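Input: a single structure, listed below in structure tokens.
The values are calculated or read from the model by the stated rules, or taken from the named source; none is laboratory data. From a predicted model like this one, the values you see are computed outputs, not experimental measurements. Note that we place each Cβ from the backbone using ideal geometry, even for glycine, and neighbour counts take in every protein chain shown.
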Number of protein chains: 2
Amino acid sequence: MNTKLGLSVNHMSVDCVVLGLSDSTLYVLLIKRSVEENGETVYDYKLPGGLIYTDEDLDSAASRVLQELTGVRNQSMMQFKAFGSRDRISQRDYKWLRETLNEDIHSLVTIGYVAMGRIGRKLNLHNAGNEVCWMPVNEALKMNLAFDHNVIVEEALKAVRRHAEADPAVLFTLLPAKFTALQLRMLYEFVENKEIDVRNFKKKMMQLAYVEPLDEYEQGVAHRAARYYRFDRIKYKKSRRGTD
Amino acid sequence: MNTKLGLSVNHMSVDCVVLGLSDSTLYVLLIKRSVEENGETVYDYKLPGGLIYTDEDLDSAASRVLQELTGVRNQSMMQFKAFGSRDRISQRDYKWLRETLNEDIHSLVTIGYVAMGRIGRKLNLHNAGNEVCWMPVNEALKMNLAFDHNVIVEEALKAVRRHAEADPAVLFTLLPAKFTALQLRMLYEFVENKEIDVRNFKKKMMQLAYVEPLDEYEQGVAHRAARYYRFDRIKYKKSRRGTD
């Protein structure tokens, strides 16, 4: 059946879109890359990514690459899409691959992974090399990232949206244990990809049995201290069963 | 950053899970494969799949492979997952790859695509070679399919479920233009992966503004002729806007 097909041997990589929320801004983890161009060193940013070993599972490769490049360990990640456009390697990317890997790579299929975490201390410890940084997603998407990483970040956001529509609990993995109404609204605005009216949102939020108001308020803030809420996973599961 | 990584060169393929509904059974498109084992020819089944050319986009490869192997043209497909477990090639698969492609392949990452269509005349025309067949999904999953194709079919079903939860319109692409309540219920049972009470389902169905009862009934059936319904895409879109 396949006898007439030429064999295709491809280089393969994984790229990790690690999202994190701080205050009310969504960040993505990027790595600074330097390339020589016309005798000058220029910089741009890329997602943490790397080639897959031939004896390695895809999921293991994603975890290994993320840990090697950023120090982030045991981060649960979700594979969301493979990217194999034949124009995903620019002249600059090609040069960078050759400098970094000492090999000519013209075609590279990459498997995208997305992770949602909290921006924590752990990462900052490994931040020392100044190659790894958190960047607001909006700003990242305005830049020309390496390879087709703009597309990969956008597709990762879509994957999170789809996932959150089917199972809103996903969103709460991005939030700290105690969060404000503002933080939750920002997340919903991101998922629905539009501005949400503040008062309507508050009303809706009150109706969510699994978002529980606490008797705690923000400390040491210049504006009026906001109330904290928590996500009640047990009530959430009950509320989901009700929809069956 | 990546300098210490050995280069990984992989063979890459696409595999297509084409689902089709006939009466109230969900089918998957499979290809019969023959392998010599201990001097005897044995048969099993595989998904339509094949290697990707190095100068080809992933989506184009999926369309090309499906058309070459089954004659199905212009079928819209959705990429759903990459499969790269290192144990996905059995001894039999390895032998079959060597016989078919005249090459030793020990590692093969495949990108899964899923399509939902109606079992139509078009396909049957190309069915002549008796290598391509529709098989009920339940039966297919009871067999030992080639490679990790059991896993791929299961993951494709999960992808359709997730997709249909977020956007039920997906289900109606599997149904004929006129369908019965039984057909719709069977689809929902598949999506929710459980039996649904007939009377409750009828009630729920009546509440869906976008499922419109027709004044037409089944013809020439032994049992009581069932009413036909149609999917109203415009009403569907309106009902979705309401949920924002």
Please pick out the residue among A:I105, A:I89 that is facing chain B (nearest Cβ under 9 Å) and either in a loop (DSSP other than H, G, I, E, B) or surrounded by 19 or more Cβ atoms within 10 Å (Cβ to Cβ) (or both).
A:I105
So A:V42 ticks every box in (1) more than 7 Å from chain B (Cβ to nearest Cβ); (2) buried (at least 16 other Cβ atoms within 10 Å of the Cβ); (3) more than 19 Å from B:E56 (Cβ to Cβ); (4) of a type in the set (A, V, I, L, M) but one. Which box is left unticked?
(2)
Return the residue satisfying two criteria in turn: it lies in region B:47-84 and is among the polar types (S, T, N, Q) and either assigned to a loop (DSSP other than H, G, I, E, B) or farther than 16 Å from B:V109 by Cα (or both), and of such residues it is nearest to the other protein chains (Cβ to nearest Cβ).
B:T54
Please enumerate the residues belonging to region A:212-232 that are over 23 Å from A:L171 (Cα atoms) and among the hydroxyl-bearing types (S, T, Y).
none
Among the candidates A:I105, A:I52, residue that is among the hydrophobic types (A, V, I, L, M, F, W, C) and without any contact (Cβ under 8 Å) to a residue 60 or more places away in the chain:
A:I52
Failed condition for B:L141, given (1) closer than 30 Å to B:H106 by Cβ; (2) among the aliphatic types (A, V, I, L, M); (3) outside the structural domain of B:S76 (by TED's automatic domain parsing)
(3)
Taking the residues in region A:171-190 that are aromatic (F, W, Y) and assigned to a helix (DSSP H, G or I) as candidates, determine which candidate is surrounded by the fewest Cβ atoms within 10 Å (Cβ to Cβ).
A:Y188
Mind checking which residues of region B:2-29 are modelled with pLDDT of 90 or more and within 13 Å of chain A (Cβ to nearest Cβ)?
B:M12, B:S13, B:V14, B:D15
Any residue at all in region A:5-25 that is in contact (Cβ under 8 Å) with a residue 12 or more places away in the chain, within 30 Å of A:T180 (Cα to Cα) and in contact with a Phe, Trp or Tyr (Cβ under 6 Å, 6 or more places away or on another chain)?
yes
Restricting to region A:174-195, give me the number of residues that are among the polar types (S, T, N, Q) and over 19 Å from A:V137 (Cα atoms).
1
Pick out the one residue from A:L175, A:L214, A:L208 that is under 24 Å from A:V114 (Cβ atoms) and aliphatic (A, V, I, L, M).
A:L175
Which residue out of B:N144, B:N193 is on the phi > 0 side of the Ramachandran plot, touching a residue at least 24 places away in the same chain (Cβ under 8 Å), surrounded by fewer than 17 Cβ atoms within 10 Å (Cβ to Cβ) and not aliphatic (A, V, I, L, M)?
B:N193
Does region B:154-165 contain any residue that is out of contact with any Phe, Trp or Tyr (no Cβ under 7 Å at 6 or more places or on another chain), exposed (fewer than 15 other Cβ atoms within 10 Å of the Cβ) and under 30 Å from B:F80 (Cα atoms)?
yes
Matching residues in region B:205-236 - criterion: being surrounded by 12 or more Cβ atoms within 10 Å (Cβ to Cβ), assigned to a helix (DSSP H, G or I) and within 27 Å of the chain's Cα centre (by Cα)
B:M205, B:Y236
